[in-house]
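Peer 1: Next up is a structure, given as structure tokens.
The values are calculated or read from the model by the stated rules, or taken from the named source; none is laboratory data. Because the structure is predicted, anything quoted here is derived from the model rather than measured. As a convention, Cβ positions derive from the backbone with ideal geometry for all residues, glycine included, and neighbour counts pool all protein chains shown.
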Amino acid sequence: MNDLLERARSFQQRIVRDRGYYRSLAAGQAPAALFITCSDSRVVPSLITDAHPGELFELRTAGHVVPPYTAAGRCAEAATIEYAVEVLRVREVIVCGHSHCGAVAALARGDDLSTLPSVANWLAPSRPALSSVRGAAEDDIELEAHVQCHVAAQLEALRGYPQIERAVAAGRLGLHAWYYRVDTAEVKELTAVYGDPGRC
Ligand SMILES: [Zn+2]
């Protein structure tokens with residue numbers, strides 16, 4: 001923790017040459033994309049995309065799950081999506097899954113998550129989408145197929161949000177599915193794999 005604190009304390013000195021850029025951020029934000037990915041510490045959206053502060057609006061959840069839209073109730077994910085599309089008017093939404101994902105591996109293997117009830121409840125609705133994928137995610141190749149199917153399912157959930165549906169229909173929003181390998185830093189655009197990123 002001390003190491004992180006030391007790095008945070010020196011941050012202002014480290015960006016001294018970009019002071020003007022940082023000052024301009026006070027005027028507001030106009031990010032190009034909403035980037036939805038897993039909370040996994042090995043996935044760093046701004047590093048992968050070489051984005052500067054202000055360029056990416058991020059939504060990170062365990063297993064990069066996008067919960068189905070419901071009109072009622074409090075939902076942090078829905079609020080983030082709504083704000084990104086309606087207020088910030090992002091032009092792209094990227095759902096990025098990743099290799100070696102503990103959440104998707106647990107889902108695919110049917111792990112006992114009884115000691116993690118919040119995780120179990122959060123992930124459970126995502127299990128059926130993986131039932132068509134072969135293999136039990138015992139190795140990287142099998143897990144990759146599960147993660148890619150899982151990403152496609154989250155994109156499908158995203159399409160159920162009225163804000164997303166309207167913006168896509170109006171031609172002002174693009175949806176993208178990505179897969180990132182944490183061990184090689186490779187980024188695959190799954191649209192090229194599935195044609196329609198909403199299918200797996
Ligand atoms: Zn993950």
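Peer 1: Tally time: how many residues in the stretch 107-153 are in contact with a helix residue (DSSP H, G or I) (Cβ under 8 Å, 6 or more places away or on another chain), of a type in the set (A, V, I, L, M) and under 19 Å from D183 (Cβ atoms)?
Peer 2: 5
Peer 1: Yes or no: the stretch 44-65 includes at least one residue that is over 16 Å from A157 (Cα atoms), modelled with pLDDT under 95 and more than 14 Å from the ligand (Cβ to nearest atom).
Peer 2: No: zero hits.
Peer 1: On to the next question. Might you let me know whether the stretch 49-58 holds any residue that is loosely packed, with under 14 Cβ neighbours inside 10 Å and part of a helix (DSSP H, G or I)?
Peer 2: No, every residue in the stretch 49-58 fails to be loosely packed, with under 14 Cβ neighbours inside 10 Å and part of a helix (DSSP H, G or I).
Peer 1: Can you pull out every residue in the stretch 4-39 that is out of contact with any His (no Cβ under 9 Å at 6 or more places or on another chain) and acidic (D, E)?
Peer 2: Scanning the stretch 4-39 gives a single hit, E6.
Peer 1: Test P31 against the stated conditions and say whether it is under 30 Å from R166 (Cβ atoms), away from the ligand (no atom under 16 Å from the Cβ) and in contact with a Leu (Cβ under 7 Å, 6 or more places away or on another chain).
Peer 2: Yes: the conditions hold for P31.
Peer 1: Looking only at helices (runs of 4 or more DSSP H) that lie completely in the stretch 122-200, which have at least 1 residues being at pLDDT below 95 and more than 30 Å from L88 (Cβ to Cβ)?
Peer 2: Helices (runs of 4 or more DSSP H) meeting the threshold: 140-159.
Peer 1: Can you pull out the residues in the stretch 77-105 that are polar (S, T, N, Q) and either assigned to a helix (DSSP H, G or I) or free of Cβ contacts under 8 Å to residues at least 40 places away in the same chain (or both)?
Peer 2: Across the stretch 77-105, the qualifying residue is only T80.
Peer 1: Which of the residues spanning the stretch 18-48 are assigned to a loop (DSSP other than H, G, I, E, B), surrounded by 14 or more Cβ atoms within 10 Å (Cβ to Cβ) and free of Cβ contacts under 8 Å to residues at least 60 places away in the same chain?
Peer 2: P31
Peer 1: Y69: assigned to a helix (DSSP H, G or I), more than 15 Å from the ligand (Cβ to nearest atom), closer than 15 Å to Q163 by Cα and of a type outside the set (K, R), yes or no?
Peer 2: no
Peer 1: Separate question: L107 versus (1) crowded, with 19+ Cβ neighbours inside 10 Å; (2) at pLDDT 95 or above; (3) within 16 Å of the ligand (Cβ to nearest atom): which is the lone unmet condition?
Peer 2: Of everything listed in (1) crowded, with 19+ Cβ neighbours inside 10 Å; (2) at pLDDT 95 or above; (3) within 16 Å of the ligand (Cβ to nearest atom), L107 misses just condition (2).
Peer 1: May I pose another question? Yes or no: the stretch 77-91 includes at least one residue that is out of contact with any strand residue (DSSP E or B) (no Cβ under 9 Å at 6 or more places or on another chain) and either among the acidic types (D, E) or within 14 Å of the ligand (Cβ to nearest atom) (or both).
Peer 2: Yes, some residue in the stretch 77-91 is out of contact with any strand residue (DSSP E or B) (no Cβ under 9 Å at 6 or more places or on another chain) and either among the acidic types (D, E) or within 14 Å of the ligand (Cβ to nearest atom) (or both).
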